[in-house]
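Here is the structure we will look at.
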Amino acid sequence: MIKIGVIFGGRSGEHEISLMSAASVINALDKLKFIPVFFGITKEGRWKHFEGTVSEIESGQWERTAVDFNPGRLKELVDFALPILHGPYGEDGTIQGMFEMLDIPYAGCGVLASAVAMDKAVAKDIFAKADLPICKHALVYREDFSDEAGKTDEKLITVVAERIEAQVPYPLFVKPANMGSSVGITKAKDGDGLQKALMEAGKYDRRIVIEEGIDCRELETGVIGNHQPLAAEVGEILPSAEFYDYRAKYFDGGQSKICVPADVPAEVSQAVREIAVRAYMALDCAGFARVDFFLEKKTNKIYINEINTIPGFTKFSMFSRLWEEAGVSYSQLIERIVDFGYERYHAKNSR
């Protein structure tokens, strides 16, 4: 049996989402094949070994009985690492680098793909290089509109906003370059809204991406595999809010809807799946990822939005449901992801 280290929590703003995903994954693990070992990371970044119940993980009560743990000892306790961490310090290549240093096989993308996919600006540069369709966008830095003390300078932020307006038309979206789950994202329709959105995004990252707001449908597909990846069915997000923000994703009482499969023409679905695989390969992704798209309503033109290398992973998350629609159950999906992790590990270490 494989001792599989499930790692959850983390320092990012998506800490609570990680707990929900981890609890769902743990419950789905085949206990005849895997022995789950729990490791939580607090919001302050402290590692803890937890031996309690899955319900305590999901509720956030796990810290009460968890004991401090040195992650350098991880290989002593597990055969394989399964990081269920969303956002910075988990999805961005940092913990993947630690696994590499410790020589532990792990699930999902490696250091490069994780870091690049996490940074929306860098990812767009690579998508453009790979001739993939992307929307108009710009990149600014928090320091561009802050004084020496780090506070917003009204004159500087006005100049920055004017520069953005010359590059990207309204309405537009302002996003932290290195966050997920729509944390820190704001839709701006005018200069005042843009400045407020820049300050909001600046709370989460010094690199801020501004994107053209397209009148669109939001489509997603899941990709699994290493050198020969496969794309699942295509799904659609029907947000309860004006766009699929953090609240609409997780705390709207189920008002946002997930439509699987998406009600789109077959040629659109096929094109989305093909672009998803090309984007996955362009970033050198491995294991699994969810690829998000915009479908312009008037033209049916497809734009790739981003790749999430550790997407929401509950049984009811889009990624899982897309693969279930493609004939792969939730537990089978987890097993395949573990297999891909071992495949990549052995390929690297047999050179």
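The values are calculated or read from the model by the stated rules, or taken from the named source; none is laboratory data. Since this is a predicted model, take the numbers as computed values, not measurements. Quick reminder, even Gly has a Cβ in these numbers, built from the backbone with ideal geometry, and neighbours come from all protein chains shown. Keep in mind that these areas ignore ligands, DNA and RNA; they rest on the heavy atoms of the full protein, side chains included. Shrake-Rupley method; radii C 1.70, N 1.55, O 1.52, S 1.80 Å.
Among the residues of segment 127-143, is any surrounded by 19 or more Cβ atoms within 10 Å (Cβ to Cβ) and within 30 Å of Y345 (Cβ to Cβ)? There is at least one residue in segment 127-143 that is surrounded by 19 or more Cβ atoms within 10 Å (Cβ to Cβ) and within 30 Å of Y345 (Cβ to Cβ).
Looking only at segment 50-60, which residues are in contact with a helix residue (DSSP H, G or I) (Cβ under 8 Å, 6 or more places away or on another chain), outside any helix (DSSP H, G or I) and surrounded by fewer than 17 Cβ atoms within 10 Å (Cβ to Cβ)? G52, G60 - these are the residues of segment 50-60 that are in contact with a helix residue (DSSP H, G or I) (Cβ under 8 Å, 6 or more places away or on another chain), outside any helix (DSSP H, G or I) and surrounded by fewer than 17 Cβ atoms within 10 Å (Cβ to Cβ). Note on segment 65-96: residues that are more than 14 Å from the chain's Cα centre (by Cα), acidic (D, E) and under 19 Å from L19 (Cα atoms) amount to 1.
Here is a yes/no grid of residues against (1) part of a strand (DSSP E or B); (2) assigned by the TED database to the domain that holds T221; (3) charged (D, E, K, R):
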residue: R290; (1), (2), (3): yes, yes, yes
residue: F294; (1), (2), (3): yes, yes, no
residue: K298; (1), (2), (3): no, yes, yes
residue: Y303; (1), (2), (3): yes, yes, no
residue: E306; (1), (2), (3): yes, yes, yes
residue: F316; (1), (2), (3): no, yes, no
residue: E335; (1), (2), (3): no, yes, yes
residue: D339; (1), (2), (3): no, yes, yes
residue: Y342; (1), (2), (3): no, yes, no
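Restricting to segment 154-208, and then to whatever is open to solvent by 20 Å² or more (accessible area, probe 1.4 Å) and aliphatic (A, V, I, L, M), can you tell me which residue is farthest from N305 (Cα to Cα)? Once the filter is applied, the top-ranked residue is L156. Answer yes if at least one residue in segment 64-73 is open to solvent by less than 10 Å² (accessible area, probe 1.4 Å), in contact with a Gly (Cβ under 6 Å, 6 or more places away or on another chain) and at pLDDT 95 or above, and no otherwise. Scanning segment 64-73, I find no residue that is open to solvent by less than 10 Å² (accessible area, probe 1.4 Å), in contact with a Gly (Cβ under 6 Å, 6 or more places away or on another chain) and at pLDDT 95 or above, so the answer is no. Could you check, for segment 216-236, whether at least one of its residues is modelled with pLDDT of 95 or more, of a type in the set (V, I, T) and farther than 19 Å from I334 by Cα? Taking every residue of segment 216-236 in turn, at least one turns out to be modelled with pLDDT of 95 or more, of a type in the set (V, I, T) and farther than 19 Å from I334 by Cα. Of all residues in segment 237-262, those that are open to solvent by less than 40 Å² (accessible area, probe 1.4 Å), small (G, A, S) and either at pLDDT 95 or above or on the phi > 0 side of the Ramachandran plot (or both) total 1.
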